[in-house]
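Asks: One structure is given below, represented as structure tokens, and several questions about it will come after.
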Amino acid sequence: MNASLQELMQRISEMRDDELLAMVHSDHPQYRLEALVYAKAEIDRRGLTCGGPIMAGNAPMPPASMTAFCHRLAQAIRKGAFHLGFVITLLSFSWLDYRSRLIAKTAFDDGFTYSGFPFENHMSGGFGGASVVLWPGFIADVAIAIFASVCVGWVLMRVVRLVIPNSFKTRSAGSP
């Protein structure tokens with residue numbers, strides 16, 4: 001047997017029960033396959049029981065798995081901050097444009113009404129009920145919405161990176 005695998009087995013056999021359970025059930029993406037196999041074998045050898053990643057009953061999460069969960073949640077927020085800001089801002093502009101059309105339709109029955117946010121991009125009304133897209137306003141609205149979404153997404157990403165620092169430990173290939 002390889003000396004590094006022998007050393008790995010020795011380190012895993014010296015781990016505490018809660019460390020082994022956390023390693024297998026909550027921190028498993030951080031470890032090599034060999035380390036996880038040895039850890040599962042050590043858990044079986046010790047006769048430990050655990051309901052898996054979802055604990056049986058209403059037992060509270062062990063501190064190690066709660067910490068790992070918080071780290072994974074912070075990492076997900078950190079990775080998706082730009083997308084979240086972009087989508088929220090784009091939806092806000094779409095909602096404001098929709099609201100401007102609702103308000104414009106209730107203005108009066110005969111005559112032309114203009115709607116759009118921030119520029120007028122739609123004209124409707126008249127005796128025949130004509131409806132026309134005002135292309136310069138539409139293009140300007142889309143450009144402003146995309147620009148604002150990119151800016152808000154970028155700012156949110158920078159703020160989240162300042163608030164949630166990248167303090168997640170990366171393990172080398174030789175560690176368990």
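The values are calculated or read from the model by the stated rules, or taken from the named source; none is laboratory data. A quick note: this is a predicted structure, and the numbers were derived from the prediction, not measured. Here Cβ is always computed from backbone atoms with ideal geometry, including for glycine, and neighbour counts include all displayed protein chains.
Asks: Out of the residues in the range 114-123 that are buried (at least 16 other Cβ atoms within 10 Å of the Cβ) and of a type outside the set (F, W, Y), which is nearest to L91 (Cα to Cα)?
Replies: G116
Asks: Could you please let me know if R161 is at pLDDT below 80, of a type in the set (K, R) and either surrounded by 13 or more Cβ atoms within 10 Å (Cβ to Cβ) or closer than 30 Å to P29 by Cα (or both)?
Replies: Spelling it out, it is not the case that R161 is at pLDDT below 80, of a type in the set (K, R) and either surrounded by 13 or more Cβ atoms within 10 Å (Cβ to Cβ) or closer than 30 Å to P29 by Cα (or both).
Asks: So, in the range 3-45, how many residues would count as being loosely packed, with under 12 Cβ neighbours inside 10 Å and in contact (Cβ under 8 Å) with a residue 12 or more places away in the chain?
Replies: 1
Asks: Six or more apart or on different chains, Cβ atoms under 6 Å: show the pairs whose first residue is in the range 79-93 and β-branched (V, I, T) and whose second is assigned to a helix (DSSP H, G or I) and at pLDDT 90 or above.
Replies: T89/A148; T89/S149; T89/V152
Asks: Among the numbered criteria (1) exposed (fewer than 13 other Cβ atoms within 10 Å of the Cβ); (2) at pLDDT below 75; (3) not basic (K, R), which single criterion is violated by M61?
Replies: The one condition M61 does not meet is (1).
Asks: Residue under question is D141, and the condition is that it be at pLDDT 90 or above and charged (D, E, K, R); does it hold?
Replies: Judged against the criteria, D141 is a match.
Asks: Right, here's the next one. Would you be able to say whether some residue in the range 80-88 is under 30 Å from G125 (Cα atoms) and modelled with pLDDT of 80 or more?
Replies: No, there is no match, as no residue in the range 80-88 is under 30 Å from G125 (Cα atoms) and modelled with pLDDT of 80 or more.
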